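Notes follow once the structure below has been shown.
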Amino acid sequence: MTPTANRSLKVLFLTRYPVEGASSRYRVHQYLPQLEALGVRCTVQTFMDDAMYRLSFSPGRTGRKAWMTLQATVRRLRALLRWREYDLIYLQRELFPFGPPWVERMLRQRGAAMLFDYDDALFIKKPSRYNPIATLLRSSSKTLDIFRLVDCVVAGNDWLRDRAIAEGGRAVKLEVAEDTQRIAMHPPHSNARPVTVGWLGSKSTVKYLRLIEAVLQELARAHPGLRFEIVGGGEFAMDGVPWVHTEWSLDAELQALQRFDIGLMPLPQEDWANGKSGGKARTYMAAGVVPVCQDIGYNRQLIRPGETGFLCTTPQQWRETLEQAIADAALRQRVAEAARADVEQRFSLAGQAAALRAVFDEVLARRAGGRGA
């Protein structure tokens with residue numbers, strides 16, 4: 001047992017987004033009640049408030065965005081003035097979405113115990129769709145520097161963990177939990193009603209549906225009664241595919257998962273996709289929606305092909321897999337039940353929260369041992 005086990009800890013969680021932001025919700029917010037029950041006194045400070053988060057998905061309004069970023073920076077700096085009150089500082093992504101890691105370096109020099117959580121390949125610079133100034137201020141090397149500054153990197157998959165270690169950091173993998181108490185199981189799959197092929201995500205990633213556009217167009221022509229729905233993708237359109245659009249919210253997501261029969265997750269064949277931690281696919285699985293996903297990266301660890309979902313690479317594979325899933329309701333039901341059970345066993349909220357508490361204890365024990373050496 002580590003020296004810190006069984007004692008209360010105070011942790012300052014510094015997230016990028018409010019609860020509406022998927023990465024912050026899944027990597028921090030959902031664990032808070034469980035962590036509190038495990039003796040962790042949690043304080044959360046989000047960089048973006050609700051208004052700034054909503055504005056970040058809108059084009060233009062550069063001046064307003066700059067002003068809100070300044071306000072967010074001041075709020076974060078104020079929160080950090082009290083860093084000595086906490087046993088640990090948990091960074092969900094960088095402290096600031098711009099500039100070098102000056103503040104992270106200062107905190108390290110003053111003895112702060114810090115963890116850095118990431119579930120995307122943040123060291124790969126990708127342009128912002130809505131804010132060219134944000135793109136200009138981003139630094140791909142910043143994430144690599146942070147790996148070496150913090151006590152531990154908490155990575156969403158093996159590939160991200162190994163990259164942090166290769167850059168000189170200490171790192172562990174913590175897969176994302178899925179709260180099956182929140183997500184109801186899908187009604188029994190049947191072809192007595194129109195089958196729904198769905199996609200769940202954000203305006204920044206809906207473009208990846210273009211990777212299978214020809215396949216979806218063929219399906220729409222071959223199955224006039226097939227229903228297509230996008231949740232959270234904005235005004236995305238595709239010739240020949242009659243997408244129904246639903247604006248994302250926590251409640252709308254849960255309702256849509258009851259309508260979806262098949263969930264799509266196409267991704268490009270590039271390193272950025274290797275950094276994805278399977279959130280979309282795992283949510284489909286938890287809901288009893290059949291995931292049909294790109295055969296890349298963490299998806300291969302998450303899904304057992306033909307049992308808990310399907311993995312595809314070529315357009316032919318996508319077409320054949322989707323045709324089979326559309327036609328065979330009994331197959332969808334078998335996969336749905338196996339996928340839900342797999343999520344309950346492997347990704348329980350209580351289990352992953354306990355694993356995170358164990359990481360906290362290990363970090364503090366290592367620091368205590370270092371002081372005593």
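The values are calculated or read from the model by the stated rules, or taken from the named source; none is laboratory data. Treat the numbers as computed from the prediction; the structure is a model and nothing was measured. Note that we place each Cβ from the backbone using ideal geometry, even for glycine, and neighbour counts take in every protein chain shown. Surface accessibility is based on the protein's heavy atoms, side chains included, excluding ligands, DNA and RNA. Shrake-Rupley method; radii C 1.70, N 1.55, O 1.52, S 1.80 Å.
General remarks:
- Top-ranked residue of the stretch 32-64 - restricted to ones that are under 15 Å from Tyr17 (Cβ atoms) and in a helix (DSSP H, G or I), ranked as most open to solvent (accessible area, probe 1.4 Å): Arg54
- Within the stretch 65-87, the set of residues being assigned to a loop (DSSP other than H, G, I, E, B) and surrounded by 13 or more Cβ atoms within 10 Å (Cβ to Cβ) comprises Tyr86, Asp87.
- Looking across the stretch 243-287 at every residue that is among the hydroxyl-bearing types (Ser, Thr, Tyr) and open to solvent by less than 40 Å² (accessible area, probe 1.4 Å), the one that is farthest from Thr196 (Cα to Cα) is identified as Ser277.
- For the stretch 20-31, the candidate set comprises residues that are touching a residue at least 60 places away in the same chain (Cβ under 8 Å) and not in a helix (DSSP H, G or I); within that set, the residue that is surrounded by the most Cβ atoms within 10 Å (Cβ to Cβ) is Val28.
- Consider the stretch 204-233 and keep the residues that are in contact (Cβ under 8 Å) with a residue 60 or more places away in the chain and open to solvent by less than 40 Å² (accessible area, probe 1.4 Å). The one that is farthest from Leu267 (Cα to Cα) is Leu226.
- Remark: pairs (first residue in the stretch 301-316, farther than 20 Å from Glu270 by Cα; second residue among the aromatic types (Phe, Trp, Tyr) and open to solvent by less than 30 Å² (accessible area, probe 1.4 Å); Cβ separation under 9 Å; 6+ apart in sequence or on different chains) = Gly309/Tyr284.
- Counted residues, the stretch 229-259 - those being under 30 Å from Thr180 (Cβ atoms), in contact with a helix residue (DSSP H, G or I) (Cβ under 7 Å, 6 or more places away or on another chain) and of a type in the set (A, V, I, L, M, F, W, C): 4
- Test: residue in the stretch 180-187 that is free of Cβ contacts under 8 Å to residues at least 12 places away in the same chain and more than 23 Å from Glu104 (Cα to Cα): no
- Some residue of the stretch 32-46 being modelled with pLDDT of 90 or more and in contact with a Pro (Cβ under 7 Å, 6 or more places away or on another chain): yes
- Tyr90 meets each of the listed conditions (1) open to solvent by less than 40 Å² (accessible area, probe 1.4 Å); (2) assigned to a helix (DSSP H, G or I) apart from (2).
- For Ser8, the criteria (1) under 18 Å from Asp151 (Cα atoms); (2) open to solvent by 40 Å² or more (accessible area, probe 1.4 Å) hold in every case but one, which is (1).
- Test set (1) farther than 19 Å from Gly279 by Cβ; (2) open to solvent by less than 30 Å² (accessible area, probe 1.4 Å); (3) at pLDDT 95 or above - Lys142 fails condition number: (3)
- Annotation note: Cβ proximity below 7 Å between a residue of the stretch 275-287 that is modelled with pLDDT of 95 or more and a residue that is part of a helix (DSSP H, G or I) and of a type in the set (Gly, Ala, Ser) (sequence gap 6+ or interchain) occurs for Met285/Ala339.
- Flag if Thr62 is touching a Phe, Trp or Tyr at 6+ places or on another chain (Cβ under 7 Å) and in contact (Cβ under 8 Å) with a residue 12 or more places away in the chain: no
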